[in-house]
Structure formats: structure tokens, C-alpha cells
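The values are calculated or read from the model by the stated rules, or taken from the named source; none is laboratory data. This structure is a prediction, so every number in the text was calculated from the model and none was measured. Cβ placement follows ideal geometry from the backbone for every residue including glycine, while neighbour counts extend to all protein chains displayed. The accessibility values were calculated without ligands, DNA or RNA, using every heavy atom of the protein model including side chains. Shrake-Rupley method; radii C 1.70, N 1.55, O 1.52, S 1.80 Å.
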Amino acid sequence: MNARAFRAIMRREIVRMFRQRGRLASAVIRPLIWLAVIGSGFEALLSRLGSGSYQAFMVPGLTGMTLLFGAMLAALSLVYDKESGVMRMLLIAPFARSWIVVARTLSAAVAALIQALLLLAVFAALGFILWPLSFGLLALGLLLTALTCASIGMLIAVGAKSLDNFAVVMNFVIFPLFFLSGALYPIANLPPLLQLVARINPFSYGVDLLKHGLTPDMAPPFGPDFPVAVNIAVTGGFVLLAMVAAGFRFSRGPFLEALAAVVSTSKQR
């Protein structure tokens with residue numbers, strides 16, 4: 001793929017995100033509301049039982065939530081481009097369509113990363129982050145979780161035919177992904193069936209990698225649920241498989257639709 005075209009696709013998504021100031025504000029305010037309302041309640045309850053800080057435990061999960069929502073909304077722009085006609089200009093460009101999926105996935109991941117870094121800066125300023133951190137694992141966790149969320153969003157976006165269709169599927173998927181990821185409670189304490197679902201959920205491993213980076217010394221039951229190597233293997237493998245599947249689906253779908261449109265136009269003439 002032409003590097004200039006690749007950069008242009010990514011830059012367009014980043015510029016769009018910075019122009020939507022409400023989107024940036026909600027990426028920070030939404031987790032703070034969760035931390036203030038839910039975190040304070042459970043913090044007061046668990047402190048009486050002598051457990052660790054629940055609000056500190058929520059920090060990796062809420063960072064993952066910002067990555068999930070940020071990447072999903074960025075993936076939504078692919079569907080918008082389909083409806084507005086912008087996608088047609090990309091489809092006639094001289095490069096493989098699968099590269100469009102790669103560029104849009106990376107741009108969605110970068111947009112989500114920027115929002116997560118803003119949130120972490122606010123968490124640090126408010127004193128919710130426990131020191132010391134594992135900066136290497138934190139950087140790796142942010143990157144792999146952002147790519148995982150962007151890949152999930154792209155899988156939905158390439159199959160969605162309209163914005164309404166994408167919104168319905170996104171709302172159906174996003175909350176189970178979040179609630180069954182260990183973001184709000186340790187996976188080991190869930191019932192067996194929910195534990196199984198959480199272990200199938202790729203987002204769980206991204207959140208767990210963030211726990212290794214943000215709360216590496218947290219005592220059980222609030223510590224990480226999986227080894228670092230497992231988290232890296234699952235999230236990395238999922239990203240590769242999801243991008244291949246999304247690229248294959250995107251390369252076939254629009255091509256057939258475009259072919260049908262050409263045939264229809266020829267018949268009308």
C-alpha cells in the first residue's frame with residue numbers, strides 16, 4: 001500500500017477525533033463517574049472487610065473501558081464513510097482493500113490510545129494510581145488492548161450495512177465484553193459459567209495486562225488473573241486473526257456490491 005495513502009487515512013481519523021471535543025471529554029468524564037459512584041460505594045464496603053483499595057483496582061478496568069469505547073467509536077467512522085460515499089473513493093484507489101482495514105484499525109487504536117493516556121494523566125493527578133508502576137507492561141498493555149478493541153470494532157464495522165445496524169450490534173457486544181472482563185471484579189471469584197465466558201473474552205486479557213502494568217503489586221484477590229505471556233499470546237493472536245477476517249470480509253463485500261452497482265448501471269443504459 002502507498003505509504004502516503006496509509007498516513008492520510010490514519011491522519012484523517014486522528015484529526016476527526018480532535019475536532020470532536022465532546023468525544024474527548026466523555027472519554028475522561030465517563031470513567032470518573034464510574035470511579036466516583038461505583039468505586040466509592042464498594043470502597044467503603046470492602047474497607048470494612050479489610051480488603052485492598054477497590055478504586056485502585058478499578059483503574060486498569062476503566063482504562064480498558066476508555067480504550068474499548070474509543071476504538072469502537074473510531075471504527076464507527078468506517079460505516080459512516082460507507083454511507084456518505086467517501087469509501088467509494090478509497091475503493092478505487094490503487095491498493096489492496098485489505099490495507100484499508102489495516103489502516104483503519106491502526107487509526108482506531110491510536111485514537112483510543114490518546115484518550116486512554118488523557119485519562120491516565122487525570123487519574124495520576126487525582127491520586128488514584130498506585131506507585132510504582134511497571135511502565136513497560138503498561139505500554140504493552142495499552143497497545144495490545146487498543147489493537148484488540150479496534151479489531152473487534154472493525155469486525156463489526158465491515159459487516160454493518162448502516163449506522164443503525166452498527167449501533168445495535170455495538171451495544172449488544174460492548175457491555176458483555178466489559179462486564180465479563182475482570183474490569184469490575186476478579187475473574188477468579190465469578191461463577192464457573194461466567195468464568196468460562198470471561199476466559200473466552202479477548203478483552204479480559206487486555207484488561208489483565210493493564211493490571212500487570214498499573215497494579216503489579218496489588219494483593220489477592222485484586223491482582224492479575226493470568227500470566228503476562230498468556231495475555232500477550234491471546235491478545236496478539238486475536239488481533240492477527242481479527243484483522244485477517246475483517247480484511248477478507250471487507251475485500252469481498254464491497255467488491256460484490258460495487259460489481260452489482262456496475263451491472264445495474266449498465267442495464268439501465
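Couple of notes before you dig in:
- Of all residues making up region 135-180, the number that are open to solvent by less than 20 Å² (accessible area, probe 1.4 Å) and either of a type in the set (D, E, K, R) or touching a Pro at 6+ places or on another chain (Cβ under 7 Å) (or both): 1
- Scanning region 224-246 for residues that are surrounded by fewer than 14 Cβ atoms within 10 Å (Cβ to Cβ) and not hydrophobic (A, V, I, L, M, F, W, C) yields PRO227, GLY237.
- Single residue of region 186-224 satisfying the filter (outside any loop (DSSP other than H, G, I, E, B), out of contact with any Lys or Arg (no Cβ under 8 Å at 6 or more places or on another chain) and β-branched (Val, Ile, Thr)) that is farthest from LEU138 (Cα to Cα): VAL197
- Any chance ILE129 is open to solvent by less than 60 Å² (accessible area, probe 1.4 Å), β-branched (Val, Ile, Thr), touching a helix residue (DSSP H, G or I) at 6+ places or on another chain (Cβ under 6 Å) and not in a loop (DSSP other than H, G, I, E, B): no
- Per-region count, region 77-113, residues assigned to a helix (DSSP H, G or I) and either more than 12 Å from the chain's Cα centre (by Cα) or surrounded by fewer than 17 Cβ atoms within 10 Å (Cβ to Cβ) (or both): 22
- Scanning region 195-240 for residues that are within 21 Å of ALA150 (Cα to Cα) and acidic (Asp, Glu) gives a single hit, ASP208.
- Failed condition for VAL234, given (1) in a helix (DSSP H, G or I); (2) farther than 21 Å from PHE178 by Cβ; (3) in contact (Cβ under 8 Å) with a residue 24 or more places away in the chain: (2)
- Looking across ARG30, ARG23, ARG16, one residue alone is modelled with pLDDT of 85 or more, in contact with a helix residue (DSSP H, G or I) (Cβ under 9 Å, 6 or more places away or on another chain) and either buried (at least 16 other Cβ atoms within 10 Å of the Cβ) or farther than 23 Å from PHE95 by Cα (or both). It is ARG30.
- Any hit, region 68-75, residues being in contact with a Cys (Cβ under 6 Å, 6 or more places away or on another chain), more than 26 Å from TRP131 (Cα to Cα) and part of a helix (DSSP H, G or I): yes
- Meets criteria (in contact (Cβ under 8 Å) with a residue 60 or more places away in the chain and in contact with a helix residue (DSSP H, G or I) (Cβ under 9 Å, 6 or more places away or on another chain)) for LEU210: yes
- Here is the figure for region 195-211: residues that are open to solvent by less than 50 Å² (accessible area, probe 1.4 Å) and more than 22 Å from PHE42 (Cα to Cα) total 6.
- Index of the failed condition, ARG249 passing every other in (1) open to solvent by 20 Å² or more (accessible area, probe 1.4 Å); (2) in contact with a helix residue (DSSP H, G or I) (Cβ under 6 Å, 6 or more places away or on another chain); (3) modelled with pLDDT of 90 or more; (4) within 30 Å of SER98 (Cβ to Cβ): (3)
- Filter pass, PHE166 being closer than 29 Å to ARG252 by Cα, among the aromatic types (Phe, Trp, Tyr) and at pLDDT below 90: yes
- Per-region count, region 54-73, residues polar (S, T, N, Q) and modelled with pLDDT of 90 or more: 2
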